[in-house]
Amino acid sequence: MIDTASSTPDPLPSGPSSAVHPVERKEVLFHGFPASPGICRGRVLVFGAAHTDFNEIDPIPIEPSEVESEVKRFQTALEKTKTEIKALQNRMQKTIEKRDAKIFDAHLLIVEDKLLHKEVVSRIRSQLCNAQSSFLLTIQKYINAISGTNDTYLHERAGDIRDIANRILRNLTGDKDVGPTLDNLPENTVVIAHDLTPSDTAMLDRRNILGFAIETGSRTCHTSILARSLRIPAVVGMRNIAGKFANGDEVIVDGFLGMVIRNPSKETLAFYKEKISRKDELYNLLLKESSRAAETTDGYRVKLCANIEGAEDLDQVFQCGAEGIGLFRTEYLFMNTPVAPDEETQFQIYSKLLRAMHGRSVTIRTVDLGGDKLDFASASAIREPNPFLGLRAIRLCHEKPQLIRTQLRALLRAGVDGDLRIMFPMVSSLSEIEELLDIRNEVMDELRSENIPFDPKVKIGAMIEIPSACLIADALAAKVDFFSIGSNDLVQYTLAVDRLNERVAYLYRPSHPAVMELIRLTVQAAKRHRIPVCVCGEIAADPRFTPILLGLGVLELSMSPNAIAEVRGVIRKTSMLASENLAKIALAASDPEDVMVLAKEHIQAVAPDIASILG
Amino acid sequence: MDQTSFSKDFVVGNPLGIHARPASVFVQAAAGFESDIAVTNLDSGNSADGKSVMSMLMLAAPQGTHIRLVVAGPDAAAAMETLSDIIEGGFDEE
């Protein structure tokens, strides 16, 4: 068993300067894997660590006459907590998956638990303790029971109970500083944990989190992806660190080098201060170039687009100078809802987005979910042993024909409001595209006969993310108006690696020559048929890959808005000639790692400033 | 009233053990039955009311814990089937 932070007497930080260490602690360096670039300095919050108040509680006596008002106060706090959780649950539904959202059901069940309620109320009545001490004494018993096991995992998940206990306590006392919950962190917090679940990360208080370091994970795990999209530094794969930190420790997270420094010395602090200001400067400089064309030194223009999930991301899209939306995901419209959104609701959303983009291209992907993720479809949902290889996305058009028809109607109607492209995910064979085009034609006939205005010229594209689609790209290209390569799934399906599975995640190599070859085949087929091809996966957002992709013939990239500045910066320093050379080497490489080394060297040579912020 | 009762032993299979989320998956299902539902941690001897999430958490059962599920009541057979599936399916966790 590791030495958990729960045994240290440090109080939780309520601000950057609240930690008081009786003895000066030495600087200690911990190594992990860099997951998200950036550097931050803050105070540690060990997720799952005990709140000291839960360990040393004195019963606060009350008069018999106060019993009923204390009981009432406790019940009011529970009600308030329930309302809060439901609001949080609603907010989170858009960003996390159904399975992960179950944590809120758990929180609600705890608040509604009869046993907990009974125990607290009987403590108030029989022992004449006030509401919060009765509650704390009760909850302490539960937390101790869980912490009493020797199981690290279970220890950490006690964090869920602390989270909910702190929430109830805050509502009982009205004190905002009672204890942190993940969605209500102290200022300048660096979260250290064994692991953060997708629901943990989705809840994180984005105003106050500066960075995090976790024991599990890889560069491709959900936490790393989130960190990069939030632009906060993160280090993952740090073995046994949670026990080495106490709440309130001062810490530096270096997301470039994959290092976490506890109690940094004056010299270290000065060094990093200088480093941080240089990077901020560069990033702002790159942002200033957002109106410049993404053009190589030898004159090749690249179209840079943004991936977004909702209209709330539009400000960022404009700020970074994206030329369009390369991927608008529609999954959140269909998740955690008892009924599928109707045509009118969808039409309004798509139309608003198109109008906001003022004629710039917008690619909307039809719903890309497994049947199990659709609440309203779940009556017939079967638990699939291999959901990634199962009934999902366009494959649902037989079992749920109305799903795709309604979405197509709404999209075609919205098409009159801008430059819309419709993209079908998970295409694996020609007949699927033929079938979808038939459905599109039927839907257009319907709209025509109903005299509803729509745009018959809306472009239809195939998402290329299954190796079979790359290998028949010529046949597909003859049928569709554009291709969009979804690199995340393409890598996953080509290499047969589940990138969320820590044990095999090291095999997830986008630079694998097989992946490069499939991209090349797809681009060549698109060129022969004179249709555009875009890359919209993670590699499109990784400046190290930019020259290789250009060299393979990709002249359209779509990525998270905040990655655009760096990618543009690299394009403006690179020549197509050098890019084509890099692509040739990548295609012939025997080891994916060699390709990455080369790609890094290239950036180091042409854009050392950008290389320095990539770490 | 028909007081059929069933009992079955399991080993907790999901890596994180019975923490808040799996406990609530179990409790939500258990709440749908009229029967009394009890879960015992055979390693520690603690027992829990299968319809209370806090009680289930008190089992403090990490992966590998031996547990016994006892259901008694009019719909005991159906309850045993549903709840067995949940436990054997790793509480719907990865």
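Readers should treat all values here as calculations from the given coordinates under stated rules, not as data from a laboratory. None of these values were measured; they are calculated from a predicted model. Every residue, glycine as well, gets a Cβ built from its backbone with ideal geometry; the counts of neighbours run over all protein chains shown.
Peptides A:36-44, A:181-189, A:534-542, B:69-77 ranked from most to least packed give A:534-542, A:36-44, A:181-189, B:69-77, packing being the mean of other C-beta atoms within 10 angstrom over each peptide's residues. Counting neighbouring Cβ atoms within 10 Å and putting the fewest first, the residues A:L598, A:L136 line up as A:L598, A:L136. Against the longest alpha carbon principal axis of chain B, how many degrees, from 0 to 90 and to the nearest 10, is the axis of helix B:20-30 turned? Roughly 10 degrees, rounded to the nearest 10.
As a calculated quantity, the FRET efficiency between A:T297 and A:N451 at R0 = 60 Å, using C-beta atoms, amounts to about 0.65. Shielding value for A:133-144 is 1, the average number of Cβ atoms from other chains within 10 Å of each residue's Cβ. Placing a pseudo-label 7 Å from each Cα along the Cα-to-Cβ vector at A:Q524 and A:S265 gives an inter-label distance of 5.7 nm.
Using θ = phi - 60° in the Karplus curve 6.51 cos²θ - 1.76 cosθ + 1.60, the 3J(HN,Hα) couplings for region A:457-474 round to 9, 4, 6, 10, x, 10, 7, 9, 9, 10, x, 4, 5, 5, 6, 10, 4, 4 Hz; x is entered for Gly and Pro. Taking amide H as placed 1.01 Å from N in the peptide plane, A:D249 has its amide H under 5 Å from the amide H of A:V44, each at least 5 places away in sequence or on another chain.
Rank by packing, highest mean first: peptides A:566-572, A:586-592, B:60-66, with packing defined as the count of other Cβ atoms within 10 Å averaged across residues. Write down the numbers at each step before the final one.
Numbers: A:566-572: 24.0, A:586-592: 16.1, B:60-66: 20.1.
The packing order, highest mean first, is A:566-572, B:60-66, A:586-592.
Using only Cα atoms, locate the centre of region A:263-323 and the centre of region A:545-615, then give the distance between them in Å, rounded to an integer. Here the answer is 16 Å between Cα centres.
Are there any helices in chain A, counted as whole DSSP H runs, that stretch 15 Å or more along their axis by Cα and score at least -1.0 on average by Kyte-Doolittle, and if so which?
Working: long enough: A:67-92 (37 Å, -0.89); A:98-112 (21 Å, 0.08); A:114-127 (19 Å, -0.58); A:131-147 (24 Å, 0.51); A:152-173 (31 Å, -0.60); A:266-288 (33 Å, -0.76); A:343-356 (19 Å, -0.61); A:401-414 (20 Å, 0.04); A:430-449 (29 Å, -0.42); A:513-528 (22 Å, 0.35); A:576-588 (18 Å, 1.02); A:592-606 (22 Å, 0.25).
Helix filter hits for chain A: A:67-92, A:98-112, A:114-127, A:131-147, A:152-173, A:266-288, A:343-356, A:401-414, A:430-449, A:513-528, A:576-588, A:592-606.
A Förster distance of 35 Å, applied to the separation of the beta-carbon atoms of A:D342 and A:K80, puts the FRET efficiency at 0.55. For the residue pairs A:K118/A:K141; A:K82/B:K8; A:K459/A:K573; A:K527/A:K600; A:K479/A:K527; A:K400/A:K527, the C-alpha atoms sit more than 23 angstrom apart in A:K82/B:K8; A:K459/A:K573; A:K527/A:K600; A:K400/A:K527.
Between A:K352 and A:H31, the simple label model (points 7 Å from Cα in the Cβ direction) yields a spacing of 5.0 nm.
Put simply, when A:314-323, A:397-406 are sorted by average Cβ atoms within 10 angstrom per residue, most first, you get A:314-323, A:397-406.
Let's test the formula: R0 of 22 Å, r as the Cβ-Cβ distance of A:K118 and B:H66. What FRET efficiency results, to the nearest 0.05? Could you put the intermediate results ahead of the total?
Details: r = 29 Å, r/R0 = 1.30.
The computed FRET efficiency comes out at 0.15.
Find out how many positive minus negative residues lie around A:A605, taking Lys and Arg as positive, Asp and Glu as negative, among other residues whose Cβ is under 15 Å from that of A:A605. It would help to have the intermediate numbers written out before the result.
Details: positive: A:R544, A:R572, A:K573, A:K600; negative: A:E601, A:D609.
Around A:A605, the surrounding residues sum to +2.
Would you mind ranking A:V190, A:V251 by Cβ crowding within 10 Å, fewest neighbours first? Mind dumping the intermediate values first?
Numbers: A:V190 27, A:V251 23.
So the residues, fewest neighbours to most, are A:V251, A:V190.
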